[in-house]
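Trainee: Got a structure for you, written out below as C-alpha cells; questions coming shortly.
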Amino acid sequence: MPAELERSRKFSKEVIEYMLGKGKVLIVTHDNPDPDALAAAFALRHLIEVKAHKQAVIAYSGVVGRVENRELIKIFNIITSRLEDLDLDEYGVVCMVDTQPGTGNNSFPRDRDVHIVVDHHSLREQTKLCRIYDVRDEYGAAATILYEYLLCQEVYVATKLATILYYAIKSETQDLGREWGPADRTAYLNLLQLSNNRLLFRITQAKVPAEYFTLFNRAIENARQYGSVLVFNLFDINTPETIAEMADFLLRMEGVDFVLGIGRHDESAVLSLRTTSHEVIAGDLLRTVIGDLGTAGGHAMTAGAQVKPMRGNGNLLYEFEQTMTKRLLKALDLPNCKGKGLVIESGR
Ligand SMILES: [Mn+2]
C-alpha cells in the first residue's frame, strides 16, 4: 500500500473509532461552500453512516449561490443546515472539512472545540489542538483525501457519490491543470469510471439566471489592468462564489498573471486571488495584502480573503478596491500605475 493510502487507512480508522459513544456528529465546511467542501462533507457523512452507524449533520454559513453547487446538493439529496440555526451544545463530535478552526473562512465559533479536521490547506497552529487532524497541503482537493478514506475502509462508492467527488476534484483542480498531485490524478481517473455522465452534465450545464450574465458584464466593465495585474470589483452580490469564478475567467487574459476579485455579500467583503505565476504563493500574497483588515488563506495559485464587517455605500467599496490594488502592486514590487479599462470598444 502506498504511503498516502497507509495514512488514509490510519486516519479513517481513527475517525470512525472516535465517533463511537460520543453523541451527535456535526460536519462543518467553510462559508459559501464550493464543490470540494460539499463533496468532502458528503463523503465523510457517508463514511460515518456506513462505518459508525451515525447520521451526521452537515452545516455551513453563507450561501450556496452557484447553480452547479446547488445541483450537486439536489443530486445527493442531503439536507444541509445553516450553522446559525443549530444548537451547537447538542453535538458531541465536531468535524471540519476543507477548512480549519479560526481561519476566518468558516463561521464556527472560535471558542468551541473542534475534534476532527480533514483539510488540504496549510496546517495551522490552532489545528494541532484538535484530537484528530489530517491536513495535507500537497493534495489538490479535500475530496481526494475523503475518497481515499472510503477506499481504505472498503466503503462502496455508488454512482452519485462518485460523480460528486469526481466533479469536486475536476472543478477544484481545473481538470488536473492547477494544484494537483498524484493522489488527485488517481482519484480523478478512478472516479471518472464510476461517474454518471448525465448527472455530470446536469451539474456543469445547469441553467443560470439572467443575473449571472449581468455579473459577467459587471466584472468585465469594472476590470482595471495594471500591467500583469488585473483587479475587478463586483460590489454587492448575492452569490459570493461568483468572485472566484470571474477571477478564473479573467486570468485567461494574455499578459495577466494576477487577478484580484472583490465583492460584498452580507456585509462582508469577499476577495479572491488567482495567479499563474510560480514565483509567489497566492495564499501568502493575499495575507500580506489584506494585513490586519481581515483574514486570508489559500494555496499556491488560488487564495481567498474576507473582511467582516464591511458596511457603507458603494463608494467605500471603491476606496477599498483602491487600497487593495495599491497594496497588491506594492507586495509584488510593481510600480503604482494608472489602471486601464478592459473593454476597448463596444462594437455598437
Ligand atoms: Mn478545497
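Trainee: Taking the simple approach of a point 7 Å from Cα along Cα-to-Cβ for both R198 and K74, what is their distance in nm?
Mentor: 1.5 nm
Trainee: Filter the trypsin sites (Lys or Arg not before Pro) in segment 245-310 down to the DSSP loop ones having no more than 16 other Cβ atoms within 10 Å, then list what survives.
Mentor: Filter output for segment 245-310: R252.
Trainee: Separate question: What translational diffusion coefficient, in µm²/s and rounded to a whole number, does the Stokes-Einstein relation yield for the chain at 20 °C and a viscosity of 1.002 mPa s, taking the hydrodynamic radius as the Kirkwood radius over Cα pairs?
Mentor: Values: Rh = 20.7 Å.
Calculated translational D: 103 µm²/s.
Trainee: Continuing with the same structure: Gaussian network model of the chain, Cα springs within a sub-10 Å range: biggest mean-square fluctuation belongs to which of L151, L47, L334?
Mentor: Greatest mean-square fluctuation among the candidates belongs to L334.
Trainee: Something else: Relative to the Cα centre, what is the charge dipole magnitude of the chain, using +1 at the beta carbon of each Lys and Arg, -1 at the beta carbon of each Asp and Glu, and rounding to the nearest 20 debye?
Mentor: Value, rounded to 20: 360 debye.
Trainee: By counting other Cβ atoms within 10 Å of each Cβ, how are I169, I262, I73 ranked from fewest to most?
Mentor: Details: I169 29, I262 24, I73 17.
Least to most surrounded, the residues fall as I73, I262, I169.
Trainee: Over the chain, what is the mean sequence separation of C-alpha contacts under 8 Å (at least six apart), divided by residue count, expressed as relative contact order in percent?
Mentor: 14 percent
Trainee: If I take every Cα pair under 8 Å that is 6 or more residues apart in segment 210-340, average their sequence separation and divide by the length, what percent do I get for the relative contact order?
Mentor: This gives 20 percent for segment 210-340.
Trainee: Sorting K338, K308 on the 10 Å Cβ count, fewest up front, what's the list?
Mentor: K338, K308
Trainee: Tell me which of M324, L5, I203 sits at the most positive position along the dipole axis of the chain, charges placed on C-beta atoms (Lys, Arg +1; Asp, Glu -1).
Mentor: I203
Trainee: Among A187, A296, A331, which one moves the most in a GNM of the chain with springs linking Cα atoms closer than 10 Å?
Mentor: In the Gaussian network model the winner is A331.
Trainee: Once you keep just the Cα pairs under 8 angstrom separated by 6 or more residues, what percentage relative contact order results for segment 107-165?
Mentor: Working: 50 pairs, mean separation 15.9, N = 59.
Across segment 107-165, relative contact order equals 27 percent.
Trainee: So which of K22/K128; K10/K54; K170/K207; K74/K128; K51/K207; K13/K128 end up more than 27 Å apart by C-alpha?
Mentor: Table pairs above 27 Å Cα-Cα are K74/K128; K51/K207.
Trainee: Of all the stretches in the chain, which is the longest one without any exposed loop site, taking GluC sites (Glu not before Pro) in a DSSP loop (any state but H, G, I, E, B) with at most 13 other Cβ atoms within 10 Å?
Mentor: The longest uninterrupted stretch comes out as 1-137.
Trainee: What ranking of V259, V231 emerges when the number of other C-beta atoms within 10 Å of each C-beta is taken as an exposure proxy, fewest first?
Mentor: Listing V259, V231 from fewest to most nearby Cβ atoms yields V231, V259.
Trainee: What value, in deg cm²/dmol to 500, does the helix sum -39500 (n - 2.57) over DSSP H runs of n ≥ 4 give at 222 nm once divided by the residues of the chain?
Mentor: Numbers: 11 runs with 141 residues, N = 348.
For the chain, the value works out to -13000 deg cm²/dmol.
Here, each number is a calculation from the coordinates, and none is a lab measurement. None of these values were measured; they are calculated from a predicted model. Note that we place each Cβ from the backbone using ideal geometry, even for glycine, and neighbour counts take in every protein chain shown.
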